[in-house]
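Written below as structure tokens is the structure these notes are about.
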Amino acid sequence: MDFAITEEQSDLVQVARTFAAERIAPYYQQRENEGKFDRATLVEMGSLGFFGVELPEEVGGLGLDCLTAGLVLEALSGDDYNLGYIPVTVSLAAQIMHNYGRAEVVQPWIRGMLAGEVIPCVALTEPSGGSDAANLTLNARKDGNEYVLTGEKTSISMATQADVAVVFGRTGTPDSRSRGVSAFLVPLDDPTVTRSAFNDHGGRAAGRGTIHFDGTRVPESHLLGEENRGFSQVMSGFDYSRALIGLQSLAVARKSLDETWAYVSTRRSFGQALVEHQGVAFPLAEAETHYEAARLLCLQTLWLKDQGAPHTSQAAMCKWWAPKLAYDIVMKCLLSHGHGGYSNELPFEQRLRDLLGLQIGDGTAQIMKTVITKRRLMALAKE
């Protein structure tokens, strides 16, 4: 495996890292308090090419590889985990739209997303489904050359801020499971669409909430992929986003470790620096080891995607392990700072609240381990 990138790609990652330090980090807590993203910042990020790095140039992307897209996301996310939701969702939604939508319909939306002018969301989860993602009840009824959407989506990141959604609805019979699911591009400014926000423990800037569709009419041209095959056609895209989420989470762990090593190297106790105490240094050394292993797994997964090789199991490993590991590492960093780490004067408690959400969203650890198990059993059956 070769994770090397060109000098031009490396320069892009460095631009992202500098932008994060200067324009993202100072407003981390402000975005949390306001419970929303600053649109002007998103437009600035779009102008620098931070969204859809892997999308082809013909639709406004940079035409680079998925590995580079992951490194750019990593550079941005350490200073505000929530802001990382935008490039992850743009990459997921834009790839679905580009691969399965009609060019004349989807390309204006994709260009808006890559410019930072349009916020997308992916509306899959429903109140009665949760982790059973194929158990959808939102009805998508064909009426002439339109589809009529009626139902509710819940636990949707950016629900209250998004301008457009990739919505999954049932076009088949109730018992058809994933074989009767279709995907649609749905603008959210329709008066039949209503939204409400959750008052969450963390991740407030991302604005998780519900979206209600009350007879929302969508042109037939907005169908993404084939009718009744939307679920199977686009689920592979989640393998990519799961690897990105891994790097998004680990970026926060990296930032916290860097801050903590600096702190324990200067803070003195019992006549010596804290780092001289093995009880302080060894947990951080262990965290470094686990961090490096998890990060390499995420990079390997993106590399496999770039090679066109299977990577479903690795993506599932990234998704269940990285958010949990990042949470555990940040907890160690908080404790290493003593009573000061527990205060909101330092960023650790906010980072913990933000990280906890993705141990649930986008696939729980139990679902990811089920995916890994099934893939392993399939491989054994072929031997």
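Taken as Cα centroids, the stretch 269-291 and the stretch 11-76 sit 33 Å apart, rounded to the nearest whole angstrom. The phi torsions of the stretch 146-156, fed into the Karplus equation with coefficients 6.51, -1.76 and 1.60 and a -60° offset, translate into couplings of 9, 10, 10, 9, 9, x, 10, 10, 9, 6, 9 Hz, rounded to whole numbers, with Gly and Pro shown as x.
For Rg/Rh (Cα atoms, Kirkwood Rh), computed directly from the structure shown, the correct entry in (1) 0.94; (2) 1.11; (3) 0.98 is (3). The slack between R141 and R179, meaning 0.36 nm per residue of separation minus the straight C-alpha distance, is 12.1 nm. When the label point is put 7 Å from the Cα of S10 along its Cα-to-beta-carbon vector, which residues of the stretch 63-87 have a backbone N closer than 18 Å? Zone members listed by number: 65, 67-75.
Backbone geometry of the stretch 220-226 corresponds, through the Karplus equation with coefficients 6.51, -1.76 and 1.60 at θ = phi - 60°, to 3J(HN,Hα) couplings of 4, 5, 8, 5, 9, x, 8 Hz, x marking Gly and Pro.
Each other residue within a Cβ distance under 10 Å of F19 adds +1 if Lys or Arg and -1 if Asp or Glu, for a net charge of -1.
Once the chymotrypsin sites (Phe, Trp or Tyr not before Pro) in DSSP loops with at most 15 neighbouring Cβ atoms within 10 Å are cut out of the chain, the longest remaining piece is 4-269. Note on H290 and K369: their simple-model spin labels are 1.5 nm apart, each label 7 Å out from Cα toward Cβ.
Placing +1 on each Lys and Arg Cβ and -1 on each Asp and Glu Cβ, with no other charges, gives the chain a dipole about its Cα centre of roughly 1120 debye. Oblate is the label for the stretch 7-118. Its Cα gyration tensor axes, ordered a ≥ b ≥ c, give a/c of at least 1.5 and b/c at or above a/b.
Normalised by the number of residues in the chain, the mean separation of alpha-carbon contacts (under 8 Å, six or more apart) gives a relative contact order of 16 percent.
Residues whose amide H falls under 5 Å from that of E126, counting only those 5 or more places apart or on a different chain, are T154, with hydrogens built in the peptide plane. For the stretch 113-158, GluC sites (Glu not before Pro) meeting the loop criterion (DSSP other than H, G, I, E, B) and having at most 16 other Cβ atoms within 10 Å: E117. For the chain, the number of Lys pairs with C-alpha atoms closer than 24 Å, counting only pairs eight or more positions apart or on separate chains, is 20.
Read-outs throughout are calculated quantities, based only on the coordinates presented, and are distinct from any laboratory measurement. Since the model is a prediction, treat every value here as computed from it, not as a measurement. Note that we place each Cβ from the backbone using ideal geometry, even for glycine, and neighbour counts take in every protein chain shown.
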